[in-house]
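First comes the structure, then the notes that go with it.
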Amino acid sequence: MEDIRVRFAPSPTGYLHIGGARTALFNYYFAKRYNGKFILRIEDTDIERLKADSVSQILSSMKWLGMDWDEGPEKDGEYGPYYQSERMALYRKEVDRLVEEGKAYYCFCTEEDIEKEREEQKKLKLSFRYSGRCLELSKEEIEKNLHEGKPYVVRIKIPREGTTEVEDLIRGKVSFDNSQLDDYIILKSNKIPTYNFACAVDDHAMKISHVIRAEEHLSNTPKQVLIYKALGYEIPKFAHLSMILAPDRSKLSKRHGATSVEEFRERGYLKETLVNYLTLLGWSSADEKEIFDMTETIKEFSLKKVSKTAAIYDIDKLTWMNGVYLRNLDLDYVTREAIPFLIDKGLVDKEESEENYEYIKRVVDAVREKVKLLPEIADASSYFFKEIEEYDPKGIDKRFKKEGVVELLEKGKEVLTKVSAFDVETVEKAYRDLIDELGIKGGDIIHPTRLSISGRTVGPGLFDIISILGKDACIERINRAIEFINKEIK
């Protein structure tokens, strides 16, 4: 196969959207699958919409997801610079070449001129196409306008007949009628190139072999192909990824919840989950399994397996998948990911998180079986780090108001006082022996004991909780529960 060079070229007008992240991932997989190069290019020419911290956020999100680019910001290569704002001289040189070769021309029409044309064509029920009247200007008129400093744009000449065809690696052959295009602008009046022109020039200059991007750019492709042809460039191969739609099949937007990588990270999704889920939005493995990592994907990634139909975003599936990863990834890794959320909830501080790391790890291991997001680890484990502030009201009615509950708690406390080792197995055996001795159901003592030491009716196994909290804390909490029952209930 030819030398593979692909690029992800975000515009820093906001944080990295999950649609953009999916596009970046597919480019990354393709490059790695065929030992190619993955280039990151920042298309920062849309001055009015630029946001100051967008570039740093995009780079941070991509690093977090595990996409390591071969060339781009922070990793300059021989085809840089990798910010379009630093490539203006190249664009201007190519614009001037097209003008000199008669393939592009200066347009001095004012906004009022264009609006007048638009209104005239609207009356005729026509879609707007620039008339091309500045093509009729003589060389002398052009030079006079330029000398007087009259504002202008540069337009490319488009063939009025025929079609422009694109062989899309996902969609097959796509044809565009040239009569539907006008002589579109390639250099704006502020001397900044339009997106289509800068994109085509950069892809050629950076020797991009495959342009893998979102379906919404398909309409830009004929314009770029015509620019390639006008400039005498070799045309890269194109592949347009299907859209990601909301569950109601509308365009994914803020009203459907988090849409940027940073938002998902802040809400407690693991990077492994997000990468896995985004990969499934438009691609499937040979055996159609749902849980896999980057390494597995790279080994079998192919554009032939990319779907032509829109992918439906499903937050419930994403959240379910996050729970799977929380349960199965390395415990130390999950603990480190959970600690910032424990700190945020005020359960530990940074210093404590290092000093009591082994204790925190045991807590995380105990609660991770039943949570789906990292903040839920903090919610599910608060009683391991601070005193119980209240008991579950439903638990009070169901567990603390039962006849004989104080006596059972007293007997359980005696058992805890006497056990020598405070591991799960020893504590459980002591309780099971007591249950047999009293001839009661296990739940009769287990449920009120759980409520006493955790304040909750659900959670990890009781004996895991007891073992983690330790003898003194458990006995103290049972005493406090007995005092509460005697004072508030009896």
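The values are calculated or read from the model by the stated rules, or taken from the named source; none is laboratory data. All values derive from a computational prediction rather than experimental measurement. Cβ: placed from backbone, ideal geometry, glycine included. Neighbour counts: every protein chain shown.
Condition check ((1) in contact with a Leu (Cβ under 7 Å, 6 or more places away or on another chain); (2) touching a residue at least 24 places away in the same chain (Cβ under 8 Å); (3) in a loop (DSSP other than H, G, I, E, B)) across all residues:
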{"residue": "11", "(1), (2), (3)": "no, yes, yes"}
{"residue": "15", "(1), (2), (3)": "no, yes, yes"}
{"residue": "21", "(1), (2), (3)": "yes, yes, no"}
{"residue": "26", "(1), (2), (3)": "yes, yes, no"}
{"residue": "32", "(1), (2), (3)": "no, yes, no"}
{"residue": "45", "(1), (2), (3)": "no, yes, yes"}
{"residue": "48", "(1), (2), (3)": "no, no, no"}
{"residue": "55", "(1), (2), (3)": "no, yes, no"}
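Within region 25-70, if we keep just the residues that are at negative phi and of a type in the set (S, T, N, Q), the residue that is surrounded by the fewest Cβ atoms within 10 Å (Cβ to Cβ) turns out to be 56. Scanning region 153-180 for residues that are in contact with a helix residue (DSSP H, G or I) (Cβ under 7 Å, 6 or more places away or on another chain), in a loop (DSSP other than H, G, I, E, B) and under 24 Å from residue 101 (Cα atoms) turns up 158, 159, 160, 161, 162. Would you confirm, using the coordinates I've provided, whether residue 224 is touching a helix residue (DSSP H, G or I) at 6+ places or on another chain (Cβ under 6 Å), assigned by TED's automatic domain parsing to the domain that holds residue 146 and within 30 Å of residue 145 (Cβ to Cβ)? Answer is yes for this residue. The residues of region 383-395 that are part of a helix (DSSP H, G or I) and surrounded by fewer than 18 Cβ atoms within 10 Å (Cβ to Cβ), listed by number, are 393, 394.
Taken as a whole, region 288-306 holds at least one residue that is in contact with a strand residue (DSSP E or B) (Cβ under 7 Å, 6 or more places away or on another chain), surrounded by fewer than 18 Cβ atoms within 10 Å (Cβ to Cβ) and not assigned by TED's automatic domain parsing to the domain that holds residue 373.
Figure legend. Inter-residue proximity from region 276-289: first residues closer than 15 Å to residue 318 by Cβ, second residues polar (S, T, N, Q) and assigned to a loop (DSSP other than H, G, I, E, B), beta-carbon distance below 6 Å, spacing 6+ or different chains. Indicated pairs: 282/242; 282/307.
Anything in region 94-114 that is surrounded by 11 or more Cβ atoms within 10 Å (Cβ to Cβ) and assigned to a helix (DSSP H, G or I)? List them, or say none. Selection gives 94, 95, 96, 97, 98, 99, 113, 114. Residues of region 464-478 that are touching a residue at least 24 places away in the same chain (Cβ under 8 Å) and either out of contact with any Ser or Thr (no Cβ under 9 Å at 6 or more places or on another chain) or charged (D, E, K, R) (or both): 464, 468, 470, 471, 477.
Just so you know, in region 181-208 the residues that are assigned to a helix (DSSP H, G or I) and not small (Gly, Ala, Ser) include one that is nearest to residue 103 (Cα to Cα), and it is 197.
Counting only residues that are small (Gly, Ala, Ser) and closer than 30 Å to residue 284 by Cα, region 224-248 holds 3 of them. Residues that are farther than 16 Å from residue 367 by Cβ and either over 19 Å from the mean Cα position of the chain (by Cα) or not in a helix (DSSP H, G or I) (or both) within region 317-332 comprise just one, 330. Output yes when any residue across region 209-230 is closer than 29 Å to residue 106 by Cβ and surrounded by fewer than 12 Cβ atoms within 10 Å (Cβ to Cβ), and no when none is. Taking every residue of region 209-230 in turn, at least one turns out to be closer than 29 Å to residue 106 by Cβ and surrounded by fewer than 12 Cβ atoms within 10 Å (Cβ to Cβ).
The sole residue among 337, 376 that is acidic (Asp, Glu), under 27 Å from the mean Cα position of the chain (by Cα), buried (at least 17 other Cβ atoms within 10 Å of the Cβ) and within 23 Å of residue 450 (Cα to Cα) is 376. Contact map, region 356-372: residues that are surrounded by fewer than 15 Cβ atoms within 10 Å (Cβ to Cβ) paired with residues that are of a type in the set (Lys, Arg), Cβ distance under 7 Å, separation 6+ or inter-chain. Pairs shown: 369/327.
Among residues belonging to region 420-457 that are in a loop (DSSP other than H, G, I, E, B) and in contact (Cβ under 8 Å) with a residue 40 or more places away in the chain, point out the one that is surrounded by the most Cβ atoms within 10 Å (Cβ to Cβ). Applying the filter and picking the extreme gives 455. When the test is whether a residue is under 26 Å from the mean Cα position of the chain (by Cα) and in a loop (DSSP other than H, G, I, E, B), residue 212 does not pass it.
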